[in-house]
Amino acid sequence: DSVAVFHSGLSLGERLDEWKRVKRREASVVVGTRSAVFAPVAHLGLIVVDEEQEHTYKSETSPRYDAREVARYRCGQEGAFCLLSSATPSVEYFRMAQEGKIGFHKLKARFGDAQLPQVQVVDRNQEGVRDGGNFGPVLAGALQENFRLGRQSILLLNRRGYHTFASCQNCHEVVVCPHCSISLTYHSANGRLLCHYCGYSVPFSHRCPSCGKEAVTFRGTGTQRAEAELRELLPEARVLRLDTDAVGAKYALEKKLDQFARGEYDVMVGTQMVAKGLNFENVTLVGVLSADQALYSDDFRSNERTFDLLTQVVGRAGRGRFPGTAIVQTYVPENPVLHLAARQDYEAFYEREMETRQALQCPPVCDLTVLTAVGEVEQQVLASLLSLKTRLQSLMEGQYADVKAPVLGPAAAQVVKIMGRYRYHLTMRAQNTARWRALIAGVMREFLQDSKNRGVTVFADANPDL
């Protein structure tokens, strides 16, 4: 009765009831997702931010905030203790720890008698697998042997759906969402193409919307296809799929995880929700179906996020009395990030990653500020952002000459259109000082007060994803 819970699965009424319990001091402990950091706890003594490296602690919708920074601020204001915990700390916070700006403590052993699993990196180029199947001979054999022994397995494929996109063999156009600049994903459960950003869906058709020819075919793979292949590989096994499509109902995730813990399933395949925070004693095999998906994105944090995900999922194996094994499938087995994750050697990864960040002049080596403009009319967004850039440059040549920095852009966001709204940004490398923040705050106020920018919103991010 002394614990309150906050998360998006609760109705508004349930959330309000929990908030009132905390406000009345009937609950002294709050557990929840990022919004729980605002809970009205009296006499705050401790905030624990678990898995602090997760980028989902940042709210991408209004009000925009980073729950980690809010936690540190609240603790500073109320004299409380802030504990950030992770098996793979974010590079920014680990550097702060190395510089003595925050404390650091390392757990040098796993809980109880559990040992780190043996990890094998498998080169899929040498396996001769045709038609893009998810399971090479090594992983397939390991799954069959693990099932024969009565042990459980976890498989990671961080992309949902059956096929990840559909394209025309005649004109080579990819079928995209009309509201977002992203390809539609085929879902076999209902035979529809679905946008994973806005939820738009349409029945699948072989007729190309661009050229009209009956030539649209599938490409790529997702968790639904992996599930279907698993049922062919292990026809007697009980297979559980975990992704946002499979656990949309209230408490569905908790129920499925409980069933897996009770041994009602033999193999669990899913997106990154199967990679973190799970503790099943009978899981002795973990398979990563495609380790390359996140490795070559155009975000400077792609190496860090791949290392985090692989390290976390490998750690799901061998947590009980049986030793564990992890098999990582890849087309680039020479990539050092994969081998560092296999060894769970965070310190070596950090040293290597800091060399890359130094060469690229990316955080935490330097400060980046990104101003993003969003609106429904693309040309208006671009015109407003160009005007903002001109104003910034003018101020840095005069009143704010002491904080002068190059302004790059406007450049399109990684996904330029989401839900019918276009996104472009300006990027600046400048030291994040009070003087710099005053400049950014001033130009943003001017921007919002100018009637020419009506219909366009702008926001600043000092810890951006690019």
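To the nearest 20 debye, what is the magnitude of the charge dipole of the range 7-48 about its Cα centre, counting +1 on the Cβ of each Lys and Arg and -1 on the Cβ of each Asp and Glu?
The dipole magnitude comes to about 120 debye.
Out of all Cα-Cα pairs in the range 132-279, roughly what percent, to the nearest whole number, are more than 28 Å apart?
28 percent
Loop only per DSSP, at most 14 neighbouring Cβ atoms within 10 Å: give me the trypsin sites (Lys or Arg not before Pro) in the range 72-111, ordered by residue number.
Those that pass, being in a loop and sparsely packed, are Lys101, Lys106, Lys108, Arg110.
Put a dot 7 Å past each Cα toward the Cβ at Asp299 and Val174; how far apart are the dots in nm?
Roughly 1.7 nm, to one decimal.
Fully extended, how many nm does the chain gain between Val416 and His7 (0.36 nm per residue separation, minus their Cα-Cα distance)?
Extra length available between Val416 and His7 comes to 144.3 nm.
Cα-based Rg of the range 238-366 per 2.2 N^0.38 Å, rounded to two decimals?
1.19
What number, in nm² with one decimal, is the all-direction average of the projected area of the convex hull of the alpha-carbon atoms of the chain?
25.7 nm²
In the chain, with Lys and Arg counted as +1 and Asp and Glu as -1 at Cβ, which of these residues, Ala342, Val31, Met268, has the Cα nearest the positive end of the dipole, that is, farthest along it?
Checking the options against the dipole of the chain, the answer is Val31.
Once the convex hull of the C-alpha atoms of the range 202-261 is built, how many Å³ does it hold per residue, rounded to a whole number?
122 Å³
First check a/c for the range 337-466, with a ≥ b ≥ c the square roots of the eigenvalues of its C-alpha gyration tensor; if it is under 1.5, answer rounded, and if not, answer prolate when a/b is larger than b/c or oblate otherwise.
oblate
Principal axes first, then extents: for the Cα atoms of the range 241-291, list largest minus smallest coordinate on each axis, whole Å, largest first.
28, 25, 18
Just the accessible area for Cys362, please: 1.4 Å probe, Å², rounded to the nearest 10?
Approximately 10 Å² for this residue.
What does the C-alpha gyration tensor say about the overall shape of the range 355-417? Classify as rounded when a/c is under 1.5, otherwise prolate if a/b is larger than b/c, or oblate.
oblate
Rounded to the nearest 10 Å², what accessible area does Phe104 have for a 1.4 Å probe in the complete protein model?
110 Å²
So, with a 1.4 angstrom probe, what is the percent of accessible area on the range 268-406 that is carbon and sulfur?
Carbon and sulfur: 50 percent of the exposed surface of the range 268-406.
Semi-axes of the range 1-40's equivalent ellipsoid from the Cα gyration tensor, sqrt of 5 times each eigenvalue, largest first, rounded to whole Å?
14, 11, 8
Hand me the GluC sites (Glu not before Pro) from the range 196-280 located in a DSSP loop with no more than 12 other Cβ atoms within 10 Å, in residue order please.
Qualifying residues, ordered by number: Glu236, Glu264.
Report the one residue of Asn134, His105, Leu12 whose Cα lies farthest in the direction of the positive end of the charge dipole of the chain (charges on C-beta: Lys and Arg +1, Asp and Glu -1; origin at the Cα centre).
Leu12
I need the Kirkwood Rh of the range 1-88: take the reciprocal of the average 1/r across all distinct C-alpha pairs and report it in angstrom.
The Cα-based Kirkwood calculation yields 13.6 Å.
What list of whole percents do you get for P(r) of the range 107-174, with Cα-Cα distances grouped in 10 Å bins up to the one holding the largest distance?
13, 30, 33, 16, 7, 2
Could you work out [θ]222 nm for the chain from helices alone, using -39500 (n - 2.57) per DSSP H run of at least four and dividing by all its residues? Round to the nearest 500 deg cm²/dmol.
For the chain, the value works out to -9000 deg cm²/dmol.
How large is the dipole of the range 356-466 about the Cα centre if only Lys and Arg carry +1 and Asp and Glu carry -1, each at its Cβ, rounded to the nearest 20 debye?
Roughly 40 debye for the range 356-466.
So, with +1 on the Cβ of K and R and -1 on the Cβ of D and E, and no other charges, what is the size of the charge dipole of the range 306-386 about its Cα centre, to the nearest 20 debye?
Using only the charged Cβ atoms, the result is roughly 560 debye.
Please give the direction-averaged projected area of the C-alpha convex hull for the range 57-195, in square nanometres with one decimal.
16.2 nm²
Counting residues in the range 336-377 as N, plug N into 2.2 N^0.38 Å and put the Cα Rg over that result.
Here the Cα radius of gyration is 1.74 times the empirical estimate.
For the range 1-108, with all protein chains present and a 1.4 Å probe, just round the carbon and sulfur fraction of the accessible area to a whole percent.
Percent of accessible area from carbon and sulfur atoms in the range 1-108: 55.
Heavy-atom accessible area per residue, the chain, 1.4 Å probe: how many Å²?
On a per-residue basis, 52 Å².
Taking every pair of alpha-carbon atoms in the range 143-230, what share in percent sits in each 5 Å bin, from 0 to the bin with the longest distance?
In order of increasing distance, the bins hold 3, 14, 21, 21, 15, 9, 5, 5, 4, 2, 0 percent.
Hey, in the chain, which Cys have no second cysteine's beta-carbon closer than 4.7 Å?
Cys198, Cys362, Cys366
At 20 Å minimum axial length over the Cα atoms and a Kyte-Doolittle cut of 0.5, report the qualifying DSSP H helices in the chain, or say none.
For the chain, where a helix must reach 20 Å along its axis and average at least 0.5, there are no hits.
Exactly which GluC sites (Glu not before Pro) in the range 28-100 are in a DSSP loop and have at most 15 other Cβ atoms within 10 Å?
Glu60, Glu99
The values are calculated or read from the model by the stated rules, or taken from the named source; none is laboratory data. This one's a predicted model, so the numbers in the text were calculated from it and none came from an experiment. Cβ: placed from backbone, ideal geometry, glycine included. Neighbour counts: every protein chain shown. The protein model used for the area step is the full one, side chains on, heavy atoms only, and it has no ligands, DNA or RNA in it. Shrake-Rupley method; radii C 1.70, N 1.55, O 1.52, S 1.80 Å.
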